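See structure below.
The values are calculated or read from the model by the stated rules, or taken from the named source; none is laboratory data. All figures in this text were calculated on a predicted structure; none of them were measured in a lab. Neighbour counts are summed over all protein chains in view; Cβ atoms, including those assigned to glycine, are modelled from backbone coordinates with ideal geometry. These area figures cover heavy atoms from the full protein model, side chains too; ligands, DNA and RNA do not enter into them. Shrake-Rupley method; radii C 1.70, N 1.55, O 1.52, S 1.80 Å.
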Amino acid sequence: MSKVCIVTLLVFSSMSVWAQQYSMSLGVFTGTSVSFTNDEGINKDPRYKGRYELKFAPIGVNFGMDYERFGFMISPGLINVGQNFYVVNTVGGQDGLRKINVKYLNIPATIKVHMLNLSFFKFSAVASISAAYLLDGKDVVSHNATKLTFSPDVYPILPPDYEVQYDGVKVPAVDNYVINSKQDYRPMQVFVAAGFRSDWDVSDHWRVSFDFRVNYGLFDPRSDAYIAKLNSNSTLYDLPGSRRDMFAQLTFGISRYLDFEKGDVERAKNLKGNHKLYKPKKYPGQKIRSSRPKG
């Protein structure tokens, strides 16, 4: 009995969805993001201090459907993930920069719940899950000739020109030393996100949108092989620890949209190909005239 009730509710809810007015939109978007790399190894490493900066989000494509109370979107686009860090010497001075930059083709599927739905404006809470496919990845460090704090566990693999002293390791200048590259990252990541979105219908067929959401990576973006290398203290400028990527993204989009109603579709079907002659309805007691009228 309970199964029948559930099925009945689903049928009626689907009927109510298709009976109401809805709109379809297709457009493009771009924006900026701020990325955060939550890395346990970096957090405990005295050689690094976080810095925050905006990253440009290239153009993406958005397809959406909006009903009275909710909507759906698919919006594939390119994203840049990864935070930059200052290189800090043994006395606290900044002597260089570590840059982490990972590029993905991100394909989020989003559900929107309209908190405010006017004829020309919608304000919605959004939640999404996305599959992100790795395009490129690199983690490099550059610094001046200085003195840094290295873990004693990596002393056996220090290059010959790295000199261990009582208060740190005296190092030469380094330019774009590669900590890891594309092959050291997983080929796919999964992000979940939540935020808010506003849609402004500036004309009968054009819509402008602003979207803000915070994204969180569910998995460590680095490969199992690199993590094993990291845990064996075989990396000179990296310490063991799990990592998760997060980024806050603000995008601006413009799209072409069309409004529909269920009745419009039915009327179009009736008008198309309905060439039968009109036959009046018969009512009880009605006599059909078989002869011509007199006169």
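Each residue of segment 144-152 was assigned a 3J(HN,Hα) from its phi angle through the Karplus curve 6.51 cos²θ - 1.76 cosθ + 1.60 (θ = phi - 60°); the sequence is 6, 5, 7, 10, 10, 9, 9, 5, x Hz, with glycine and proline shown as x. When only the Cβ of Lys, Arg, Asp and Glu is charged (+1, +1, -1, -1), the dipole of segment 22-143 relative to its Cα centre reaches about 120 debye.
Only protein heavy atoms count here; under a 1.4 Å probe, Phe196 has an accessible surface of about 110 Å².
Distance between the pseudo-spin-label points of Leu118 and Tyr155 (7 Å out from Cα toward the beta carbon): 6.9 nm. Solvent exposure of segment 32-95, expressed per residue, is 48 Å² of accessible area, with all protein chains present and a 1.4 angstrom probe. Residues Lys112, Lys44, sorted by accessible area with the largest first, give Lys44, Lys112 [1.4 Å probe; ligands and nucleic acids excluded].
Of the accessible area of segment 161-209, computed with a 1.4 Å probe over protein heavy atoms only, carbon and sulfur atoms account for 56 percent.
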